[in-house]
Amino acid sequence: MKRAIVLRRGRRASVMVGAAALGALALAGCDTVSRATATRQFAVLDADKTGATDVNIASLSEVIQRNPNDAAAYNTRGAAYARAGNYGEAITDFTKAVQLDPNSASAYSNRALAQRQTGRNDAALQDFSRAISADPNYSAAYIGRANVQRAMGNYEAAYSDLSQAIRLTPESAEAYHARGLVRQAQGQHRAAIGDFDAAIDRNPFVAAPYAARGQSLIATNQYDKAIEDYNAALNVNNKDADSWAYRGLAYERSNRRQEATESYQRATAIDPGNAVARQGLGRSQGGMATLFR
């Protein structure tokens, strides 16, 4: 597969948020695990800065006032609250939605996503399972539950859920990306690369799979390919300190010291506490020999 530097695809804010719109958070759960830093990074739903969300919430509140038993309206307003970063109100609306419609897989899944954003993984896990019980073919719930399982270290359960999601929706970039992260966390880097390949094939306009694949390429000593992936990731988001840092590591391990130092410096300019970049700069200042000890 050709590895090309990708361009950001234009996006525009939507005035109305659909009932299942919070499903966009499914990819938010796809975090890249870095063994070097022993941290997890969770993407979050972009806050709406256009004011469209406020208009949407107001109009949806009018709908609810006229139809107080409309489960879909609560589910939709909950998604709008979540997009505004108001997860407490979002959870309240999703709870009302499932009270009115106990078989709403979307509402259970949305509530789980909002709970995960507030660090309530146990509650999120329960709600994803409720969503699957309500609709065994609801792929987004399998992806969401798998992301929680992975965060909790339950890799086999996560792998099983993601494989089911792929069977249900074989064109899901999110499912392949998430399964690649599971395999990466287990040290199965070549299998992880295959899943990241599939994710990128399905959606080449997202930075995260390139950055994740880059880590597994470094782990398998494919440094030039890793550099290409980090270039692609940075072309989408040049404010990602981790991508600069790991590009530096790939350069360093391919004995391109100047490029490595420049990448590490870019990373620390964005995030002075980035461990990979700080350690890399320390090696650059102290000599390259320490890298391979």
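The values are calculated or read from the model by the stated rules, or taken from the named source; none is laboratory data. Small disclaimer: the values here were computed from a predicted structure and weren't measured. Positions of Cβ are generated from backbone atoms using ideal geometry, with glycine treated the same way; all protein chains shown enter the neighbour counts.
Can you say whether Arg278 is modelled with pLDDT under 95 and either more than 21 Å from Ala212 (Cβ to Cβ) or loosely packed, with under 15 Cβ neighbours inside 10 Å (or both), as far as the supplied structure shows?
When the stated conditions are applied, Arg278 does not pass them.
Evaluate the stretch 190-208: report whether one residue or more is among the basic types (Lys, Arg), closer than 18 Å to Asp242 by Cα and touching a residue at least 24 places away in the same chain (Cβ under 8 Å).
Checking the stretch 190-208: not a single residue is among the basic types (Lys, Arg), closer than 18 Å to Asp242 by Cα and touching a residue at least 24 places away in the same chain (Cβ under 8 Å).
Quick check on the stretch 138-146. Is at least one of its residues under 30 Å from Ala107 (Cβ atoms), part of a loop (DSSP other than H, G, I, E, B) and without any contact (Cβ under 8 Å) to a residue 60 or more places away in the chain?
Within the stretch 138-146 (the criterion being under 30 Å from Ala107 (Cβ atoms), part of a loop (DSSP other than H, G, I, E, B) and without any contact (Cβ under 8 Å) to a residue 60 or more places away in the chain), the answer is yes, since at least one residue qualifies.
Are any residues in the stretch 199-212 over 16 Å from Lys225 (Cα atoms) and aliphatic (A, V, I, L, M), and if so, which ones?
Within the stretch 199-212, Ala199, Val206 qualify.
Determine the pairs where a residue that is closer than 15 Å to Gln149 by Cβ, located within the stretch 112-133, has a partner that is crowded, with 24+ Cβ neighbours inside 10 Å and among the acidic types (Asp, Glu) with Cβ atoms under 8 Å apart, the partner being 6 or more residues away or on another chain.
Between residues of the stretch 112-133 that are closer than 15 Å to Gln149 by Cβ and residues that are crowded, with 24+ Cβ neighbours inside 10 Å and among the acidic types (Asp, Glu), the close pairs are Ala112/Asp127; Gln115/Asp127.
For Asp127, all conditions in the list (1) under 25 Å from Val206 (Cα atoms); (2) crowded, with 17+ Cβ neighbours inside 10 Å; (3) of a type in the set (Asp, Glu) hold save one; what is the number of the exception?
Only one criterion is unmet by Asp127, namely (1).
Exactly one condition in (1) buried (at least 24 other Cβ atoms within 10 Å of the Cβ); (2) farther than 21 Å from Thr76 by Cα is not met by Tyr155; state its number.
Looking at each condition in turn, Tyr155 falls short on (1).
May I ask you to verify whether Pro68 is assigned to a loop (DSSP other than H, G, I, E, B), of a type outside the set (Asp, Glu), touching a residue at least 24 places away in the same chain (Cβ under 8 Å) and farther than 23 Å from Tyr176 by Cα?
So Pro68 fails the test.
So is Glu174 farther than 20 Å from Ala146 by Cα and of a type in the set (D, E, K, R) or not?
no
Any residue that is basic (Lys, Arg), part of a helix (DSSP H, G or I) and on the phi < 0 side of the Ramachandran plot - is there at least one of those in the stretch 228-246?
Within the stretch 228-246 (the criterion being basic (Lys, Arg), part of a helix (DSSP H, G or I) and on the phi < 0 side of the Ramachandran plot), the answer is no, since none of the residues qualifies.
Considering (1) within 24 Å of Asp229 (Cα to Cα); (2) assigned to a helix (DSSP H, G or I), say which one Arg167 fails and leave the rest.
(1)
Each row is one residue, and each column tells you yes or no for (1) in contact with a Pro (Cβ under 8 Å, 6 or more places away or on another chain); (2) assigned by TED's automatic domain parsing to the domain that holds Thr261.
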{"position": "His177", "(1), (2)": "yes, no"}
{"position": "Ile193", "(1), (2)": "no, no"}
{"position": "Ile200", "(1), (2)": "yes, no"}
{"position": "Ala211", "(1), (2)": "no, no"}
{"position": "Ala233", "(1), (2)": "no, yes"}
{"position": "Val236", "(1), (2)": "no, yes"}
{"position": "Asp240", "(1), (2)": "no, yes"}
{"position": "Arg247", "(1), (2)": "no, yes"}
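Tell me, yes or no, whether the stretch 191-205 has at least one residue that is assigned to a helix (DSSP H, G or I), under 25 Å from Ser284 (Cα atoms) and of a type in the set (D, E, K, R).
There is no residue in the stretch 191-205 that is assigned to a helix (DSSP H, G or I), under 25 Å from Ser284 (Cα atoms) and of a type in the set (D, E, K, R).
Condition check: on the phi > 0 side of the Ramachandran plot and either of a type in the set (S, T, N, Q) or crowded, with 21+ Cβ neighbours inside 10 Å (or both). Does Asn255 satisfy that?
yes
Within the stretch 163-181, can you find the residues that are within 10 Å of Ser139 (Cβ to Cβ) and within 14 Å of the chain's Cα centre (by Cα)?
Listed by number, the residues that qualify are Ser172, Glu174, Ala175.
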